Amino acid sequence: MKVVNQNIHIDGIDKKILRALMEDARTPILEIARQVGISGAAIHQRLRKLEKSKLISGSKFVINPKVLGYTTMAFIGIYLDKAVSNPEAVRQLQKIPEVLECHYTTGNWSIFVKILCKDNEHLMQVLNKEIQSISGVSRTETFISLQQQIDRQIKV
């Protein structure tokens, strides 16, 4: 692997390792080593280099929210009265557990968030009692996701 001006160049072996772990992060290192044809120690060494380069930012278990009763996914465009309200609005949004993602955006909205709720009633409560009560929020625009069609990471 070569790192040049923050551009990371990965070889075919790195790609095989990454693909295996992206498919299932619990795949044993020795199983990946057998698939790739190099030693487990070499896999560990390459993974350390990929982590050090910040290409790999961690691993996690993915919870199925539907099993916990969360079935309503929504995206909310948040209009703020002033741009200086952004940092405080984000701090307040961080306190709302249903907020999964928060993005500063270009265009009409100041902030765009992804939230997950149990149902439409729960969504309405989060909107009315929590998000719209944040100081600086002038209004919101909500889009309910009917069904997620694609869920993937960037291809390596």
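FYI, it's all coordinate maths here, none of it is from the lab. Remember, predicted model here, so these are calculated numbers, not experimental data. All Cβ positions, even for glycine, are placed from backbone atoms using ideal geometry, and neighbour counts span all protein chains on display.
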* To do: Choose one of Ala25, Val62, Leu50: the residue whose Cα lies farthest towards the positive end of the charge dipole of segment 14-67 (beta-carbon charges +1 Lys, Arg; -1 Asp, Glu; about the Cα centre).
  => Leu50
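Sorting Tyr104, Tyr70, Tyr79 on the 10 Å Cβ count, fewest up front, what's the list?
So the residues, fewest neighbours to most, are Tyr104, Tyr79, Tyr70.
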* Ranking of Phe61, Phe75 by count of other Cβ atoms within 10 Å, fewest first -> Phe61, Phe75
* To do: Please work out how many pairs of lysine residues in the chain are eight or more positions apart (or on different chains) and have Cα atoms closer than 19 angstrom.
  => 24
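Cα gyration tensor of segment 64-156, axes a ≥ b ≥ c as square roots of the eigenvalues: rounded (a/c below 1.5), prolate (a/b > b/c) or oblate?
It comes out oblate by the Cα gyration axes.
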* Determine the sum of side-chain charges near Met22: Lys and Arg each +1, Asp and Glu each -1, restricted to other residues whose C-beta is under 13 angstrom from that of Met22. => +3
* Could you give the semi-axes, largest first, of the ellipsoid that matches segment 37-76, computed as the square roots of 5 times the alpha carbon gyration tensor eigenvalues and rounded to whole Å? -> 36, 14, 7
* Using bins 10 angstrom wide from zero, how does P(r) for segment 2-52 break down, in % of all Cα pairs? -> 25, 58, 16, 1
* Local charge sum around Phe112 (other residues, Cβ-Cβ under 10 Å, Lys/Arg +1, Asp/Glu -1)? -> -1
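With +1 assigned to the C-beta of every Lys and Arg and -1 to the C-beta of every Asp and Glu, and no other charges, what is the dipole magnitude of segment 66-156 about the Cα centre in debye, to the nearest 20?
200 debye
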* **the chain, Cα convex hull volume normalised per residue, Å³** => 156 Å³
* What's the local net charge at Gly136, with K and R +1, D and E -1, over the other residues with C-beta under 9 Å away? -> -1
